[in-house]
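**Student:** Here it is, the structure, as C-alpha cells.
The values are calculated or read from the model by the stated rules, or taken from the named source; none is laboratory data. This is a predicted model, so every value here is computed, not measured. Note that we place each Cβ from the backbone using ideal geometry, even for glycine, and neighbour counts take in every protein chain shown. In case anyone asks, the SASA skips ligands and DNA or RNA and just uses the protein heavy atoms, side chains included. Shrake-Rupley method; radii C 1.70, N 1.55, O 1.52, S 1.80 Å.
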Amino acid sequence: MVTLKPSQTFTRILYIEDDSSYSKLVGLYLEEMGISNYEFTHVSTLAQGLDILGNDTTTNVLLLDLNLPDSEGLSTLKTVLNKYPNQNVIVVTGASDKAMGLQAVQAGAQDYLVKGEFDEKLLSKSLMFSIERSQILTRLEEAQRIAKTGNWEYKPEQGYFYASDVAFKILGITTPEADTLIEEVRNTTSPLYIFEEISELARSRKKVRKEKTIHLQNKKQRHLLINCEAALTSAGEYVFSGIIQDITTQKRSEELRKAKDVAEESAKVKEQIFANVSHEMRTPMNAILGMANLLHQTTLTQEQKEYVSIIQQSSQDLLELISDILEVSSIQNKKLFFNEKEFCLRDVLQNLSTVFGPRSKEKNLDFSVVIDPVIEWQIIGDDMRLKQVLYNLIDNAFKFTDEGSIKVEVKAVDVSRDVCKLRFWVKDTGIGIEKNQKMHIFEAFNRILPKERNPKGTGLGLSIVKNIIENQGGVVGVNSIPNRGSDFFFELSFGRGSSIIDNKAATAPIDTNSQEIAFDILIVEDHQMNQLVMQKTIEKNWSKANVLISNTGDDAIELLKTTDVDIILMDIQMPGRDGFETTEYIRNNMRPEIANIPILAMTAWQYGGNKDDYRKFGLDDYILKPFDPQQLFEKITYFLEK
Ligand code: ADP
C-alpha cells in the first residue's frame, strides 16, 4: 500500500470525469492510499465542476478529464485556468491522446495521467506533488497577505500576465478573469495599468522602484511601492516581474513621525524664545531693583517711601516669576547644572531661621529647625540648589498655614565613609492637600487653591523642586491630611566632607563695612543703567572707592594700557568682545600689574554655570545679576584683601 501523507490536515480532491468507472477506480485508490483526512468529489460535466470551484476556492487538486460532454480537448483546461489561474490541475487523458497530456502541462497543468496506464503508485505520486504545491501556494499567499505584498509577472510579447491574489487586493480589486487580464493591463483607465507603465520604464532602466498613491473606490488613499525587474529571454522577449506592496501604514507612521519632529522642534524654539526673553528681562530688572534700592536710601517723604517699597516689592515678585520661568525652561532644555562644593548644612539651616524668623513672628507660627546630631561633618553637593528646594517648601508651608507650626527636620538615613543619604522634612499644620490632588501639585502651573485663598505664586515651585531633586538622583513626596497639615519630604545623597570643627575658622564672616579702604575699580558693562546702579552701590558702601567705567571690552583694554586698577567687574554678555574674551586678553597680553588683578564676572544667567567654567577663562569668581549688594561687597572685600 502506498501511503500519502500530506502535511495539511484536510485535502479536497475534485474529479471531473464523465466515465464513472474511472471515478470509482480513483475513489478506491484514494481509500487505499490511507490519506487521513480528505474529501473526494466527483462530477461528470465541466459546468458542474466549475460550479464547485466557484463555490469553494479551497479545492487542492483538480483531476480533469479533457474530453467531457460539454467540453472537448485542451480548451477544457484553458477554460478552467482562465477562471482559476492558480488552480492545481492534473489532466487525465485517454491512451490515444497522450500527446495532449504534454500540451496540457505546457499550458499550465501540473501533471498528466493516462487512463489505463496509471496505478495507485503513479496517482499517489502525482497527487502528492500537487497537494504540496497547493500548500506552498497557500502559505505564500498567507505570507503575502500578512506582509501586504503581492508578486506579479508580465510577458507583453506573449500576452501573459500573472499577479497573486494579494496583489489584486492591494489594488482594491477582485481577481479578474484570466482572459480579460491582458486587456486590463493595457487599458489606461484600469488599476492594472500601473504594471504596463512600470514595465515600460524597466525596458530602458532594467530595475525600477516606484511609489504611487491610489484612491480606492471608497475614496480612501493607499500608498503603494512597486518594484520591477526586466529580463530578456533567449528569444529576445521581455519578462517583467516584481512585487507590489501596500506601504500605507509605514507612510502614515513616517508622516506622524515627521509631524512629531516638527512639533518638537517648534516646542524647542518656543522654549528657547521663552528662555531668551526671560533672560533679557532680568537685565532691566537689575536696573529697576538697584535704582529702587538706592532711591530708598535717599531722604524721602513717608509717601515716597511707600511708593518706593511698592516698586521694590513688585520688582522682587516679577524677578521671582522670571527666575521660575527661566528655571522651568532650563529644565525642559535639560540645561540644569549642579555644582559640587563642600558646605556646612548647619549654616544653611541656621540661615533658614534668620530668613523665615520674622515671617513666623508676623503670622504667629512656631518655626523650628531640627538637625540630626549625627551629621557633624560638612557635606558635598550643590548648596544653592538645596537652599532653593528648602526655601520653596518652607515658603509654601507659610503660605498655606494660618495657625500652629512649621518644622524643618533633617535625618541621616544612610551613612558610609564617603557618602551620606539625608532625608529632609518640611512639616506644617496648614490646610493640607486632598488625596487625589497629591500627584498633580508637582506638575507645572498646577495650583489647587480653596476659593477663599489665592496666595502669590505661579504653580511652578513644586515642579522645579521635583526636577531639581530627581535630576540629582533623589526622591520627593508628600503626606497630607486635609485641614490637618502636610509633610513634604525629600531624600538626597551628598558626599561626606571634613569635620565641622576643623572648618569653623574658614566660615568666619567678612567685614564689608570698612569705609576706609581706598581702591580703584573698573566696571566693564554695556548697559548704562546697570553701570549707574553698580557705581552708586559701590560708592555708597566705600566713600573712597574710585569707580571707572568702560562700555565695551575694547574700551577696557585701551584704558588698562595706561591706568592701574585694583579690581575689575566684568559683564559677560557684551556686544563685540565679550567678557570671557576680554578677560583672556587681559590675562595673556597685558602688563603684569594688570594681568594678575582680580576679575569678577557679572552674569545674568541664573546659576551662571560652574565656578570652574569661569576660572577656565581667567575669571576669579562671579556675581549674579540682579546682584545682592551684600554679596557684592563681600566678594570685592575678599579679593581686595587677598
Ligand atoms: P504655588 O505655590 O506657586 O502655587 P507650587 O508648585 O509651589 O506653586 O505649589 C502647587 C500647589 O500645591 C499650590 O498651589 C497648593 O495648592 C499646593 N501646595 C503646595 N504646598 C502646600 C502646602 N504646604 N500645603 C497645602 N497645599 C500646598
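**Student:** Can you compute the label reach from N589? Point 7 Å from Cα along the Cβ direction, backbone N cut-off under 13 Å, restricted to the stretch 533-574.
**Tutor:** What the label zone holds, given the 13 Å backbone N cut-off, is 553-561.
**Student:** Continuing with this model, one more query. Extending each Cα 7 Å along its Cβ direction at S405 and Q630, get the distance between those two points in nm, one decimal.
**Tutor:** Taking the simple label geometry, S405 and Q630 are separated by 2.7 nm.
**Student:** With Cβ to Cβ distances under 13 Å as the rule, what net charge do the other residues near D520 carry (K, R +1; D, E -1)?
**Tutor:** Residues near D520 contribute -3 overall.
**Student:** Cα atoms only, the chain: Rg and Dmax in Å?
**Tutor:** 44.6, 134
**Student:** Still on this structure, please answer the following. Based solely on C-alpha atoms, express the radius of gyration and the Dmax of the stretch 192-346 in angstrom.
**Tutor:** 33.9, 112
**Student:** Work through the residues other than V355 whose Cβ is under 12 Å from its Cβ and net out their charges, Lys, Arg +1 and Asp, Glu -1.
**Tutor:** +1
**Student:** If you roll a 1.4 Å probe over the chain with all protein chains in place, what percent of the accessible area is carbon or sulfur?
**Tutor:** C and S fraction of accessible area: 51 percent.
**Student:** Mind giving me the FRET efficiency for R133 and K24? R0 is 22 Å, r the Cβ-Cβ distance, nearest 0.05 is fine.
**Tutor:** 0.25
**Student:** For the chain, what is the mean residue ellipticity at 222 nm derived from helices alone (per DSSP H run of n ≥ 4: -39500 (n - 2.57); sum divided by total residues; nearest 500 deg cm²/dmol)?
**Tutor:** Mean residue ellipticity at 222 nm (helix-derived): -14500 deg cm²/dmol.
**Student:** Over the chain, what is the mean sequence separation of C-alpha contacts under 8 Å (at least six apart), divided by residue count, expressed as relative contact order in percent?
**Tutor:** Relative contact order of the chain: 7 percent.
**Student:** How far is it, in nm, from the label point at E157 to the one at N82 when both lie 7 Å from their Cα along the line to the Cβ?
**Tutor:** 2.6 nm
**Student:** Hey, another quick one. What accessible area per residue, rounded to a whole number of Å², is obtained for the chain using a probe radius of 1.4 Å?
**Tutor:** Computed with neighbouring chains in place, this is 53 Å² per residue.
**Student:** Among 201-209, 11-19, 37-45, 482-490, how do they line up from the highest to the lowest mean number of other beta-carbon atoms within 10 Å?
**Tutor:** 11-19, 482-490, 37-45, 201-209
**Student:** Which distance in nm do the two modelled labels at A143 and Q313 give, with both placed 7 Å along the Cα-to-Cβ direction?
**Tutor:** For A143 paired with Q313, the spin-label model returns 8.0 nm.
**Student:** Using a cut-off of 10 Å between beta-carbons, work out the net charge of the residues near E197 (Lys and Arg +1, Asp and Glu -1, E197 not included).
**Tutor:** Within the 10 Å Cβ shell, the charges total 0.
**Student:** Another question about this same structure. Would you please give the FRET efficiency between L336 and E362, computed as 1/(1 + (r/R0)^6) with r the Cβ-Cβ distance and R0 = 22 Å, to the nearest 0.05?
**Tutor:** Step by step, r from the Cβ atoms, then E = 0.05.
**Student:** Could you give the length gained on full extension between D97 and K258, defined as 0.36 nm per residue of separation minus the Cα-Cα distance, in nm?
**Tutor:** 51.4 nm
**Student:** Right, here's the next one. Out of N227, G495, P358, whose Cα points farthest toward the positive end of the dipole of the chain (charges: +1 Lys, Arg; -1 Asp, Glu; placed on Cβ)?
**Tutor:** Value computed over the given set: P358.
**Student:** Please sort 142-148, 189-195 by packing, taking for each peptide the average over its residues of neighbouring beta carbons within 10 angstrom, highest first.
**Tutor:** Going from most to least packed, we get 189-195, 142-148.
**Student:** Also: Just to verify a number: FRET efficiency for S204 and V105, C-beta to C-beta distance, R0 = 30 Å, to 0.05?
**Tutor:** Rounded to the nearest 0.05, the efficiency is 0.25.
**Student:** Which helices pass in the chain if a helix is a full DSSP H run, must span at least 30 angstrom along its long axis by Cα, and must have mean Kyte-Doolittle hydropathy not below -0.5?
**Tutor:** Length and hydropathy pass: 120-147, 302-332.
**Student:** Could you work out how much longer the chain between D555 and E303 gets when fully extended? Use 0.36 nm per residue separation minus the Cα distance between them, nm to one decimal.
**Tutor:** Taking D555 through E303 to full extension adds about 86.5 nm, to one decimal.
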